[in-house]
Every structure is written in structure tokens, then in C-alpha cells.
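What follows is one structure encoded as C-alpha cells, with my remarks underneath.
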Amino acid sequence: MKKKALFFPLAAAVLAMGLAGCGSQATGEKKAGAKSNYPTKAITMVVPFAPGGTTDSAARALAGVANKYLPNEQTVAIVNKDGGAGTIGMNDVVQAKPDGYTIGMATSGPITIKTHSKEVAYKPEDFKPIIQVVATPNVLVVKSDSPIKTYEDWMEYVEKNPNKFTYGTSGAGLTQHITMENLMTKTGVKVKHVPFKGGAPALTALLGGNLEGALVQTPEAIPHIEEGTLRPIWISGTFKPEELKDVPLLTEKGVDVEPDVWTGLMAPSKVPDDVIKVLHDSFQKALEDPAVIEQFKKIGTEPVYKSSDEFQKTIDNDYKENGKVLETIGLK
């Protein structure tokens, strides 16, 4: 009887411990499942520019295959929020609930240039980088009948004729404008900026004889270069497209100016790291998808991948360098 009396309490204790263990395991599985279950609904990707541009086209290419790589085969919906040189759309991303269901297709301008202005309500640290997907150099072009044929020709001309060389860009205070201002600061030359509402209008003005040059993204210029209507003079960036392999980088000419126009996915800064990892891994696979690579070729670019950490370093460096240039030229 004594043995039986001891047995039942002991058995009950063991059973209770086992149930507690099962409960703990179930709870652990639920937590793990909660992390791995993201996403459970469609993700909104904000493109802070109008439809049809390079950023929008790249976003749509990625969104088109994202369901193949996102958990639970969830989809990505594109929302275009144009205005403020990209700042209006990115401000929407900052203000979104930090749950990973609203992300933005950011470019360098609204993140590392416009954020130096007091008129912009957010800062780079209000975002958490997911993945860089594109990087595009800028190229200075002149008309094919211009007497300027090389970098040396251009440098000689602008040194002898201060503020005579007029060049167009996609807008004041954007990457191309800041690039040229940086070049002027480091070389001492003086040229005249003419801003437009996009690279295409700047090229139209150049082709019409209203400018002497234009500094635009390489995908915008390459079709005209291949047609023979424009001539490339130099490239500002960290690499050369295959079509422009014989055109010198500014760094090859001893001028330390090399910012690319990068494009990448970003989320509000408070989005959990495990959600960022799901997004990064899914979009990295999407970036390697043959359909995406083909679509990028059609818009004149190619994937240029950087991890979340590498992307963060690029953002930090560009923000710092652009701040120096803006301060020098009195725009900060």
C-alpha cells in the first residue's frame, strides 16, 4: 500500500512534467511558425516615381516573379507614388506599419541627397535596407558632330571656357547634378547646369541643339549612342556597361568621383530582422530569375546585387559624400 501511495503522486508528477514539456514545445513551435509564416498576405511595393521609368520597370520585373520565391506564394503589388523627386513615396514607406507588408523601391536621390534638406521629414536611418538590385553609372554625352571627342578634349574646353559648357540633367539636386558639382569642386572647372524633369527631356534638348552636353544614366543614353546621334565622353560610376567599355571612368582619369545611381528595396527601420531576411532571400532569388534578367536587359540595365549589410554601407557612404558636396555648393 505504501508503494502504491508513493507511485501515484510520482506518476502524476512525471505526467505533469511531460505535459508541461509538450506545452512548452508546442509554444516554441508556434513562435517559430509565426516567424516562418510571413508573409500571409500580399506585400505592397511603393515605387516613388511615375510608371514607365527604369525604377518602375525594375520593380515590376521583380514583382512579376516574386510569388515563386516568397513563402506561401504571396504576391507583390506595385503602387506608384510620384512627387518630390521620390520623397513623397518614400515618406509613405517610413510611415507604414513596420510589419514587412509595405516596402519601397528606393533610389539614391531621395535617400542620400534629398535627406539633407529640412523639407524632407525622414532620414536614411528611418529605413532598413533589404537588398540592392540595380546600380547604374552616369555618362556625359555630346552630339556626334561635336568637336569634343574625348575626355581630354572636354577638360581642355571647359578649362578654357568657364561656364560656357551647358549640360542637362534629370533635375536639380539629383544624382547627376551632384556628380557634376562634385567634379567641379575637385577639378576647379566651371560648367552651367540646366535641369529638366527627367533624363529623356534633357537628351531631347541636347539632340535639338539647345545644350552642349547631358549627364544621364547609361540606359537612357546607350540607344542614342548606338544609333550614332550621341557620343559618350566619360562615365561617373564604379563600373562600365559592356556597350561603353571603351569610355573612361572619371576615376581612371584621376578624378575621385564615382557614385552610381543605385536602386534597392527598403523597409521601415522597425521591421524585424527575421522579416527582412525573408524578403532579402526571396528577392535575391527573384533577381537571379532568367525572366528578370531578360526584362532588365530590355530596359538597358542588369542586376547588381548587394546584401543588406553591403547596401547599408553604400547608403552611409553616399549620404556622407553627398552632404559634403551639398555643403560646398551651398545647397545644405
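Among (1) surrounded by fewer than 20 Cβ atoms within 10 Å (Cβ to Cβ); (2) within 22 Å of LEU326 (Cβ to Cβ); (3) among the hydrophobic types (A, V, I, L, M, F, W, C), there is one condition ALA200 misses while meeting the rest; what is its number?
In the conditions (1) surrounded by fewer than 20 Cβ atoms within 10 Å (Cβ to Cβ); (2) within 22 Å of LEU326 (Cβ to Cβ); (3) among the hydrophobic types (A, V, I, L, M, F, W, C), ALA200 misses (2) alone.
Taking the residues in the stretch 156-176 that are of a type in the set (D, E, K, R) and in contact (Cβ under 8 Å) with a residue 24 or more places away in the chain as candidates, determine which candidate is nearest to VAL191 (Cα to Cα).
Only one residue tops the list, namely LYS164.
Name every residue in the stretch 161-194 that is among the β-branched types (Val, Ile, Thr) and surrounded by fewer than 16 Cβ atoms within 10 Å (Cβ to Cβ), in order of residue number.
Within the stretch 161-194, THR185 is the sole residue that qualifies.
Considering only residues that are in contact with a Pro (Cβ under 7 Å, 6 or more places away or on another chain) and buried (at least 16 other Cβ atoms within 10 Å of the Cβ), which ones fall in the stretch 293-310?
The answer is PHE296, ILE299, GLY300, THR301, SER308.
Looking at this structure, is VAL94 out of contact with any His (no Cβ under 9 Å at 6 or more places or on another chain), of a type in the set (Val, Ile, Thr) and not in a helix (DSSP H, G or I)?
Details: out of contact with any His (no Cβ under 9 Å at 6 or more places or on another chain): yes; of a type in the set (Val, Ile, Thr): yes; not in a helix (DSSP H, G or I): no.
So VAL94 fails the test.
Mind listing whichever residues of the stretch 191-231 are of a type in the set (Lys, Arg) and without any contact (Cβ under 8 Å) to a residue 40 or more places away in the chain?
LYS192, LYS197
Could you figure out which of (1) at pLDDT below 95; (2) touching a helix residue (DSSP H, G or I) at 6+ places or on another chain (Cβ under 7 Å); (3) part of a helix (DSSP H, G or I); (4) under 29 Å from HIS224 (Cβ atoms) isn't true of GLY323?
Only one criterion is unmet by GLY323, namely (4).
With THR102, THR87, THR115 as the choices, which residue is farther than 15 Å from SER308 by Cα and modelled with pLDDT under 95?
Unique residue meeting the criteria: THR87.
Based on this model, can you work out whether THR251 counts as within 24 Å of LEU140 (Cα to Cα), among the polar types (S, T, N, Q) and modelled with pLDDT under 95?
The answer is no for THR251.
Report, by residue number, each residue of the stretch 311-332 that is surrounded by 14 or more Cβ atoms within 10 Å (Cβ to Cβ) and in contact with a strand residue (DSSP E or B) (Cβ under 9 Å, 6 or more places away or on another chain).
PHE311, GLN312, THR314, ILE315, ASP318
Which count do you get for residues in the stretch 48-77 that are open to solvent by 40 Å² or more (accessible area, probe 1.4 Å) and outside any helix (DSSP H, G or I)?
Residues in the stretch 48-77 being open to solvent by 40 Å² or more (accessible area, probe 1.4 Å) and outside any helix (DSSP H, G or I): 7 in total.
Among the numbered conditions (1) in contact (Cβ under 8 Å) with a residue 60 or more places away in the chain; (2) of a type in the set (Phe, Trp, Tyr); (3) out of contact with any Leu (no Cβ under 6 Å at 6 or more places or on another chain), tell me where TRP234 comes up short.
(3)
Only strands (runs of 3 or more DSSP E) wholly contained in the stretch 211-306 count here; list those with 1 or more residues that are aromatic (Phe, Trp, Tyr) and in contact with a strand residue (DSSP E or B) (Cβ under 7 Å, 6 or more places away or on another chain).
Ranges flagged: 230-236, 261-268, 303-306.
Within the stretch 251-267, restricting attention to residues that are open to solvent by less than 10 Å² (accessible area, probe 1.4 Å) and of a type in the set (Gly, Ala, Ser), which residue is farthest from GLU152 (Cα to Cα)?
Ranking the qualifying residues of the stretch 251-267, first place goes to ALA267.
The values are calculated or read from the model by the stated rules, or taken from the named source; none is laboratory data. Because the structure is a prediction, the values reported are computed rather than measured. Every residue, glycine as well, gets a Cβ built from its backbone with ideal geometry; the counts of neighbours run over all protein chains shown. For the accessible areas, the whole protein counts, side chains as well, though only heavy atoms, and no ligand, DNA or RNA atoms are used. Shrake-Rupley method; radii C 1.70, N 1.55, O 1.52, S 1.80 Å.
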